[in-house]
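K.L.:
Let me begin by handing over the structure; questions about it come next.
The values are calculated or read from the model by the stated rules, or taken from the named source; none is laboratory data. Given the structure is predicted, the values throughout are model-derived calculations rather than measurements. Glycine gets a Cβ as well: all are built from the backbone with ideal geometry, and neighbour counts include every protein chain shown.
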Amino acid sequence: MRSDEETEPVEGTFYLIHATNKAYLMVDDNGEEYWIPKSQVISISYGRNVTIKERPAQEVTIEIPRWLVEEKGL
């Protein structure tokens, strides 16, 4: 079981470039890609449309648990 600190929500801004039924493919400001499981997203807010790595994307702000941030190296 994870501690309260590990499950504490952390907010970040990314660029959504693809979504499946189970996960979001996000890109950060450095161009790194990350698959984020939808089941771990606490909240998501959609922003402006942009082009990232020559692909259409949407700026999003998400909250995910701290343990996932650490696991993914975000």
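K.L.:
Search the stretch 28-39 for residues being at pLDDT below 95 and closer than 14 Å to residue 61 by Cβ, and hand back the single one that is surrounded by the fewest Cβ atoms within 10 Å (Cβ to Cβ).
P.N.:
Filtering first and then ranking leaves 29.
Residue by residue, here is whether (1) farther than 10 Å from residue 15 by Cα; (2) among the β-branched types (Val, Ile, Thr) holds:
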residue	(1), (2)
30	yes, no
40	yes, no
47	no, no
51	no, yes
63	yes, no
68	yes, no
73	yes, no
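K.L.:
Before we move on, is residue 11 within 19 Å of residue 69 (Cα to Cα) and not in a strand (DSSP E or B)?
P.N.:
For residue 11, the condition - within 19 Å of residue 69 (Cα to Cα) and not in a strand (DSSP E or B) - is not met.
K.L.:
Would you pick out the residues in the stretch 16-65 that are part of a strand (DSSP E or B), in contact (Cβ under 8 Å) with a residue 40 or more places away in the chain and of a type outside the set (Gly, Ala, Ser)?
P.N.:
Answer for the stretch 16-65, where residues must be part of a strand (DSSP E or B), in contact (Cβ under 8 Å) with a residue 40 or more places away in the chain and of a type outside the set (Gly, Ala, Ser): 16, 17, 34, 58, 59, 60, 61, 62, 63, 64, 65.
K.L.:
Given the conditions (1) part of a strand (DSSP E or B); (2) of a type in the set (Val, Ile, Thr); (3) out of contact with any Leu (no Cβ under 8 Å at 6 or more places or on another chain), and given that residue 69 satisfies all but one, which numbered condition is not satisfied?
P.N.:
Residue 69 satisfies every listed condition except (1).
K.L.:
Next question. How many residues, within the stretch 39-74, are more than 19 Å from residue 5 (Cα to Cα) and either under 9 Å from the mean Cα position of the chain (by Cα) or of a type in the set (A, V, I, L, M) (or both)?
P.N.:
Result for the stretch 39-74: 6.
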